[in-house]
Amino acid sequence: MSVNGEAVRVRTETDQTDEPGWEVDPDDDWALAVVATVGRQLRLRREAAGMRVGEFAAAVGYGEDLVYKIETGKRIPRPEYLDTADEVLGAGGLVGAMKEDVKKVRYPKKVRDLAQMEARAVELQLYDPLHIHGLLQTPEYSRALLSMRRPAYSTEEVERFIAARVARKAIFERDPAPDLSFVLEEWTLRRPLGGREILRKQLEHLLAAGQLRNVELQVMPMERYEHAGVDGGIEVLKFEDGSAVGRSPAVANGRPVSDLRQLRILELRYGIIRAQALTPRESASFIEQLLGET
């Protein structure tokens, strides 16, 4: 490749890696530690190979400034950067193996913390009045929602959030499986966000999820005269030791709570919402009807 062609390639890849979504959250201590450790390992291996920063940067096809940022823990390395570095340094897969930890770092801290709690929960009660719950969203539906945000997310940020939501769906594959209860608003199932084809696939996905033995989906019809969910969404996660954590905009300003009195309030509201919604069987029939109309 010509020198000019190489210069263009280096500049393009450097710019891409510096896009939002690849910085380290300064308030995320675990992420800072992981990225610092990865950067230090890369620097030590580069020095052991007798390569200067400029030589290494040319070999991997990235700019020197980016190499410095990664080695000093100021940037999250892309998976392809680690793969190329592994090959250049002859690490035999040891550098490439860091991708798993780095991938987790890219998930926002609050999403990562939520995923860890979901992974321990034996029962989840979930109600979202604004959207189809993230655990039930198809990647296409998630992308459509995230792309509508204003001010707009960058492409990298959108992909980062989608990857985090997809990773959380491992909860459906756990054995033993937790009990999952969802209440969905009818209007979220009717609005064709992203287009009717995306909505069709989303409705089909809901029907498939509702057939799982440990999942109950209920739809809250718009025709209801009374609705206990007017104060906002609800999340209650219960754990094997009998403890629980809940969250709702109407309780503690949306912060997670484990106080028994506050949890009782959330469970009471959720129980009433479920009673006001269609039964799981009625909800499945309702979603099938919507699918036929879409």
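Readers should treat all values here as calculations from the given coordinates under stated rules, not as data from a laboratory. Because the structure is a prediction, the values reported are computed rather than measured. Using ideal geometry, Cβ is built from the backbone for each residue, glycine included, and neighbour counts are taken over all protein chains shown.
Enter the mean projected area of the convex hull around the alpha-carbon atoms of the chain, in nm², rounded to one decimal.
18.8 nm²
Which residues in the stretch 69-108 place their backbone N less than 18 Å from a point set 7 Å from the Cα of GLU55 along the Cα-to-Cβ direction?
85-91
Can you pull out the trypsin sites (Lys or Arg not before Pro) in the stretch 138-169 whose DSSP state is coil and whose Cβ has at most 12 other Cβ atoms within 10 Å?
ARG149
Report, to the nearest 10°, how far helix 155-168 tilts away from the longest principal axis of the Cα atoms in the chain, using its own Cα long axis and a range of 0 to 90°.
Roughly 60 degrees between the two axes.
In nm, give the distance between the simple-model label positions of GLU226 and TYR68, each being 7 Å from the Cα along the Cα-to-Cβ direction.
So the label points at GLU226 and TYR68 sit 6.7 nm apart.
On full extension of the chain, what length is gained from MET117 through ALA97, given 0.36 nm per residue of separation minus the C-alpha to C-alpha distance?
Fully extending the segment from MET117 to ALA97 adds 4.7 nm.
If you average the alpha carbon positions of the stretch 22-95 and of the stretch 185-215, how far apart do those two centres end up, in angstrom?
41 Å
Tilt of helix 109-120 relative to the longest C-alpha principal axis of the chain, in degrees (0 to 90, nearest 10)?
The two axes meet at around 60 degrees.
Which length gain, in nm to one decimal place, applies between THR37 and LEU193 when the Cα-Cα distance is subtracted from 0.36 nm times their residue separation?
Here the segment from THR37 to LEU193 would lengthen by 52.0 nm.
Once the piece of chain linking PHE239 and LEU212 is laid out straight, how much longer is it, given 0.36 nm per residue of separation minus the C-alpha distance between them?
Contour length minus the Cα-Cα distance gives 7.7 nm.
Over the chain, calculate the relative contact order: mean separation of alpha carbon pairs under 8 Å at least 6 apart, over the residue count, as a percent.
Across the chain, relative contact order equals 16 percent.
Would you list the P(r) distribution for the stretch 139-200, with all Cα-Cα distances sorted into 10 Å bins from 0 and each bin expressed as a whole %?
Per 10 Å bin, starting at 0, the Cα pair percentages come out as 18, 38, 36, 8, 0.
Farthest toward the dipole's positive end in the chain, which of GLY242, SER181, MET148, given Cβ charges of +1 (Lys, Arg) and -1 (Asp, Glu) about the Cα centre?
GLY242
Would you mind classifying the stretch 218-257 by shape? Square roots of the alpha carbon gyration tensor eigenvalues, ordered a ≥ b ≥ c; an a/c under 1.5 is rounded, otherwise it is prolate if a/b is larger than b/c and oblate if not.
Oblate, since a/c reaches 1.5 and b/c is not below a/b.
Only four residue types carry charge here, +1 at the Cβ of Lys and Arg and -1 at the Cβ of Asp and Glu. Report the dipole size of the stretch 172-294 about the Cα centre in Debye, rounded to the nearest 20.
With Lys and Arg at +1 and Asp and Glu at -1, about 240 debye.
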